[in-house]
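One structure is given below, encoded as structure tokens.
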Amino acid sequence: MDICPPRRGNRKGVVEKASHSAAQRWWRTVLDGLTVVQAQSGVDKLSLRMDDRRRRIDRAVTAVGELAAAEVLLDIPVRPFPAELEVERTVSPQSLVSFDGNLCSVPPGLPGVTVKVLHRLGENDLWIVTAGRAVVACHRRAPRGTGQTVRDDGHVIALERAVLSSFSDRAPCKTKVRKPQSAAALAEAERLREGSAASSSAERVVIDLNRYAAVADRLRSVPSPKQEEKSGVSTSPMQVSEARRFQQLRGHLSYLKLNDAAEALNRVLDQARTERMSLTAALERLLEIEAEATEARKLAARERFACLPEPWTLADFDFAAQPGVDEKLTRDLATLRFLDDASNVLFVGPPEVGKTMLSVALGRAAVDAGHRVCFTTAAELAAKCHKAALEGRWKTCMCFFPGPKLLIIDELGYLPLPEDRASALFQVINQRYLKSSTILTTNVGIADWAGAFGDATVAAAMLDRLLHRAAVARIDGPSYRLRGHQNQADAMRKGVNARVS
């Protein structure tokens, strides 16, 4: 579809407004399976109708099409939008990185390492960087899909140096002194040498050293060991193999998605060298870092899924200030034994006595113990189920709520529930019956549930499933918020009395 740059000089944005209105109306009429040609035709027809609309501008009546025809389009931008393409690649054993059907070289010692190829659109340079954005190589971009191998001379020399340093330069072993042979054995050996000389006269192996002239010239530029010693750079076989082994180890950790262990590998190796740790101790410390990071990620995921309203714990609850709470029962519930039996917990009491705080504290303990927890209010749960039924997602909704090990339903009875939403709440409780635990807080007594839900049958069925395996905690005591207001009023009263006296 045609997309034009904005126009210059349109009075008060009439043309842009008309284009925007046309686009909004066109999108509402788009049908499934519409082709590009059909879509362009629809846009053109709607634009013609919009061009005929009359507008009063500067005390003169004119059409949108006339304004558009009198204006000049902006020129096409000379330079495209400065977007940057970023692609992750893994270095091959030949120290090459693939991009756009071509291969680009990187320094040796990085096989298996994950790098990023950066290309800014409109430019001809490619940048290869590490995960920490450190530049590894820079190449001229080759045409797409040509199969070229772009190498840097420095990379080639370093690779040849690494290959040559892997060979041993020790003296060959000495030939063992053989025992004198008999006359017959010497005659047989002489006969075999003459036969081999006759057969080799027909076939001779010729080595053309000119073929390696380019390699020899390149190797002449390799610094000598003394020059390496002066520059402080050593390419001994031991150091090259250790560096390569380190990069391979990092690559293995990254491939296994042990990213935290890969990041801490250098630090752990330094600690092992400084503290003279054994191989088992160093490996245990490295895996301990990865295990702690994995557990932290899992805990954060469980916290996001739980949607607990506050970070309350059982230590934050003041049992002395709320004598209506059975502390012994609450401590027993904090052990989470009721989750193993798929039992339920009901907190019944008037508003502001700590029912929500206790339920959130038990939910937090379950999250820390590694269980999946979901917190919601009764009105929100019923609304989600009702919306899912209207959108045809009832089966998916009923598969979601039985999933959490612990479901906390807060504020049941605070707001009236219509019959269809009360039935949806019953369906959720029925799906979780004898499979997983539910904590429910309500200000309605158990005997008054039939009046609260408006349907005695649904209320009786819900109570039957909730109370089959359940611990009911009835809380009767002062309100937390009223207690705070009372303390503030007492403090103000004492201050006034002190001034009067």
Qualifying residue in segment 371-380 (condition: modelled with pLDDT under 90 and open to solvent by 20 Å² or more (accessible area, probe 1.4 Å)): yes
Lone qualifier among L329, L362, L346, L333 - being within 33 Å of the chain's Cα centre (by Cα) and among the hydrophobic types (A, V, I, L, M, F, W, C): L362
Filtered residues of segment 408-447 (kept if closer than 18 Å to A361 by Cβ, among the charged types (D, E, K, R) and either more than 34 Å from the chain's Cα centre (by Cα) or surrounded by fewer than 22 Cβ atoms within 10 Å (Cβ to Cβ) (or both)): E411
Failed item in (1) more than 19 Å from S254 (Cα to Cα); (2) surrounded by 15 or more Cβ atoms within 10 Å (Cβ to Cβ), with L269 passing the rest: (1)
Residue within segment 146-158 that is part of a strand (DSSP E or B), under 30 Å from the mean Cα position of the chain (by Cα) and either within 23 Å of Q248 (Cβ to Cβ) or modelled with pLDDT of 85 or more (or both) present: no
Filter pass, E303 being outside any helix (DSSP H, G or I), charged (D, E, K, R), open to solvent by 60 Å² or more (accessible area, probe 1.4 Å) and touching a residue at least 24 places away in the same chain (Cβ under 8 Å): no
Whichever residue in segment 116-132 is among the charged types (D, E, K, R) and touching an Asp or Glu at 6+ places or on another chain (Cβ under 9 Å) and, among such residues, is surrounded by the most Cβ atoms within 10 Å (Cβ to Cβ): K116
Residue tally, condition at pLDDT below 90, aliphatic (A, V, I, L, M) and touching a Phe, Trp or Tyr at 6+ places or on another chain (Cβ under 9 Å), over segment 288-341: 2
Flag for T90 being open to solvent by 60 Å² or more (accessible area, probe 1.4 Å), under 26 Å from A262 (Cβ atoms) and at pLDDT 65 or above: yes
Qualifying residue in segment 385-394 (condition: under 25 Å from L434 (Cβ atoms) and open to solvent by less than 40 Å² (accessible area, probe 1.4 Å)): yes
P323 vs. criteria in contact with a helix residue (DSSP H, G or I) (Cβ under 8 Å, 6 or more places away or on another chain), under 30 Å from P478 (Cα atoms) and surrounded by fewer than 13 Cβ atoms within 10 Å (Cβ to Cβ): no
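The values are calculated or read from the model by the stated rules, or taken from the named source; none is laboratory data. Note that the structure is predicted; figures quoted are calculated from it, not measured. No Cβ is skipped: glycine too gets one built from the backbone with ideal geometry, and neighbour counts run over all protein chains shown. These accessible areas exclude ligands, DNA and RNA; they are computed on the full protein's heavy atoms, side chains included. Shrake-Rupley method; radii C 1.70, N 1.55, O 1.52, S 1.80 Å.
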